[in-house]
Amino acid sequence: MNVADSEIVMSILKDAGFQQTKDINDAGLILINTCSIRENAEQRIWSKLKSIRHLKKKKKDLIVGLIGCMAERLKEQILETENLVDIVAGPDSYREIPLLISEAEAGHKAVNILLSREETYADISPVRMDKNGVSAFVSIMRGCNNMCAYCVVPYVRGAERSRDPKSILKEVRELFESGYREVTLLGQNVDSFKWNQNGNTIYFSELLEKVAKVSPLLRVRFSTSHPKDISDELLRTISQYDNICKHIHLPAQSGSTRILNLMNREYSREWYMDRIETIKKILPGCAISTDLITGFCTETDEDHKLTLSLIEWAGFDFAYMFKYSERPGTKAARKLKDDVPENIKTIRLNEIIALQNKVSSKSKKQDVGKVFEVLIEDRSKRTGDNLSGRTSQNKVVVFPEKGHRKGEYVNVLIDRCTSATLIGEII
Ligand code: 5AD
Ligand code: SF4
């Protein structure tokens, strides 16, 4: 999501006459796009700021801006930081950045962290920062109306709002016409996409269908789904289109209903399991990935074991796994104690990672001997004479070139796998 946001900012800056440089020493303006989701994301930004201090000393007129979620959350502290930052702009103020730059040039601290109920940057054509020219992110909504107890997103990105489907489709068509072959539709909770048009309401499954119809040669992905909202209707839509990828990212967060209640996720372990069973029934062979948080307030060994057993039962193809990080101002920070000791969080996270590695390597081994349609995305990073791409299920495949190029679809027979990659031959 931050990459997509940076692409919007790049577009706004380009229109205002700015150019990008690859060398930070040449820059007259440095903008740092930030994330507040966990404390370590913010720590990295503080270190980054310190590391550019010498540039600021060398070049007196260098302007440094901090934008995004951390700007929203920590305006005061940021401005007080040793006079390093001149501009602070929250996620809904990107259009103001050129103005803020002028203010900073005039020697003032320039700040805008107003959140909006309408801003979706619908009319802005992002300047793509992905390098492959094959896959692109398309933001379809902003903000979030859920109130997961641990999560800072609703506070820093504001209320949920959907983007006009017309502008989404226009962006997708333009991407396809300029050679892109895969789009990932982005929102905090895509299942609650909703757009009213002349008394008609467009929901996510209809939007997805419209995007899939742009071309059968365009792969469509989306993220993130919420277990409480993902509908059978959406799953049926996915099943009807070969180009809607058979991969669903469905964050579980925990396998314990007691913890899910405390997290305010609005579903139980059983509900989550039912969603997985339904996905497997309507979409056989569909990959499922997840997010997991370990060490949330009051989590016991019993709760932890329930998370482990959920991982084993679901057989996730992939997971993002995190230690709980208390975020100031959230419901959990206000009402619950962050009482699982750090060393226990570490032990539990390591157990989760070890089990998930086992489970995902099993899922890869099951792919050996099968043929998958792969969209070629690039040269393999490790072995430059091989190509790499992904299956519809989002698994990375590496294979010898045989005269094919990125942007093409090829059928690849998988003959072996490593822990992260499938390896095969074009047939
Ligand atoms: N601590 C740890 N992980 C978090 N996430 C969100 N907030 C926190 C937090 N306070 C994780 C969730 C979410 C993913 C994007 O980040 O798993 O799905
Ligand atoms: Fe955060 Fe929950 Fe919204 Fe996801 S759905 S962004 S975890 S509040």
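No lab work stands behind these numbers, since they all come straight from the coordinates. For clarity, every value in this text was computed on a predicted model and none was experimentally measured. Here the Cβ positions follow ideal geometry from the backbone for every residue, glycine too, while neighbour counts run over all protein chains shown.
Once you've got the Cα coordinates, tell me which of Lys358/Lys406; Lys210/Lys358; Lys58/Lys109; Lys246/Lys406; Lys14/Lys166; Lys48/Lys365 are over 29 Å apart.
Lys358/Lys406; Lys210/Lys358; Lys48/Lys365
Modelled label-to-label distance, Ser361 and Asn83, 7 Å Cα→beta-carbon offset: nm?
Calculated label separation equals 5.5 nm.
Please list, or write none, the aspartates and glutamates whose alpha carbon is within less than 16 Å of the alpha carbon of Lys56, excluding same-chain residues fewer than 8 places away.
The reachable aspartates and glutamates, counting only those whose Cα sits under 16 Å from Lys56, are Asp23, Asp26, Glu80, Glu82, Asp86, Glu105.
So what are the ³J(HN,Hα) numbers for region 231-240, from phi and the Karplus equation (6.51, -1.76, 1.60; θ = phi - 60°), rounded to whole Hz, Gly and Pro as x?
With the stated coefficients, region 231-240 comes to 9, 4, 4, 4, 4, 5, 4, 4, 5, 7 Hz.
Label-point separation (nm) for Asp242 and Glu76, each offset 7 Å from Cα along Cα-to-Cβ?
6.0
Please compute the length gained on full extension between Val368 and Tyr320, using 0.36 nm multiplied by the number of residues separating them and subtracting their Cα-Cα distance.
Taking Val368 through Tyr320 to full extension adds about 14.9 nm, to one decimal.
Report the calculated FRET efficiency for Arg334 and Arg117 (r = Cβ-Cβ distance, R0 = 22 Å), to the nearest 0.05.
0.35
What fraction, in whole percent, of alpha-carbon pairs in the chain exceed 30 Å separation?
49
List every residue whose amide H lies under 5 Å from the amide H of Ile63, counting only residues 5 or more places away in sequence or on a different chain, with H placed 1.01 Å from N in the peptide plane.
Amide H neighbours of Ile63, under 5 Å, 5+ apart: Leu29, Ile30.
Where in region 242-263 does the label zone of Thr278 land, with the point 7 angstrom along Cα→C-beta and an amide N cut-off under 18 Å?
In region 242-263, the label zone of Thr278 (backbone N under 18 Å from the point 7 Å along Cα→Cβ) covers 247-253.
Using only the Cα atoms, work out Rg/Rh for region 372-427, with Rh taken as the Kirkwood radius, to two decimals.
Using Cα coordinates only, the ratio equals 0.90.
Scattering from the C-alpha atoms of region 319-427 alone, worked out with Debye: what is log10 I(q)/I(0) at q = 0.17, 0.18, 0.19, 0.22 1/Å?
-0.78, -0.83, -0.88, -1.08
Considering just Cα atoms, how many Å³ per residue does the convex hull of region 164-296 enclose?
Residue-normalised Cα hull volume stands at 115 Å³.
Taking θ = phi - 60°, what integer Hz values does the Karplus form 6.51 cos²θ - 1.76 cosθ + 1.60 yield along region 298-310, in sequence order, with x for Gly and Pro?
Once θ is set to phi - 60°, the couplings for region 298-310 become 6, 4, 9, 4, 4, 4, 4, 5, 5, 5, 4, 5, 5 Hz.
Under 17 Å from a label point 7 Å along Cα→Cβ of Lys213: give me every residue in region 131-170 with its amide N that close.
Correct set: 165-170.
Tally Lys/Arg at +1 and Asp/Glu at -1 over every other residue whose Cβ is under 11 Å from the Cβ of Leu100; what's the total?
-2
Taking a ≥ b ≥ c as the square roots of the eigenvalues of the Cα gyration tensor of region 1-79, is the shape rounded (a/c under 1.5), prolate (a/b larger than b/c) or oblate?
oblate
With just the Cα atoms of region 101-240, tell me how far they stretch along each of the three principal axes, in Å, largest first.
57, 39, 33
At a Förster distance of 41 Å, what's the computed FRET efficiency of Asp232 paired with Phe18, Cβ-Cβ distance as r, to 0.05?
0.30
Only Cα pairs under 8 Å and at least 6 apart count here; give the relative contact order of the chain as a rounded whole percent.
10
Give the long-range amide H neighbours of Arg219: residues separated by 5 or more places, or on another chain, with amide H under 5 Å away, using H modelled in the peptide plane at 1.01 Å from N.
Residues meeting the amide H criterion: Glu182, Val183.
For region 164-180, in order, what is each residue's ³J(HN,Hα) by Karplus, 6.51 cos²θ - 1.76 cosθ + 1.60 with θ = phi - 60°, in whole Hz (x at glycine and Pro)?
For region 164-180, the Karplus-derived couplings read 4, x, 4, 6, 5, 5, 4, 4, 5, 4, 4, 4, 4, 5, 8, x, 5 Hz, x marking Gly and Pro.
Considering Cα pairs under 8 angstrom that are at least six residues apart, work out the relative contact order of region 67-176 and quote it in whole percent.
24
Sort by residue number and name the cysteines in the chain that have no neighbouring cysteine Cβ under 4.7 Å.
If one checks each Cβ against the other cysteines of the chain, Cys35, Cys69, Cys144, Cys245, Cys286, Cys297, Cys417 turn up with nothing under 4.7 Å.
As an exercise, use a Förster radius of 25 Å and the Cβ-Cβ distance of Lys109 and Lys59 to find the FRET efficiency, rounded to the nearest 0.05.
Taking R0 as 25 Å, the efficiency between Lys109 and Lys59 is 0.85.
Before anything else, pin down the relative contact order of region 131-189: Cα pairs under 8 Å, at least 6 apart, normalised by residue count, whole percent.
The value is 54 percent.
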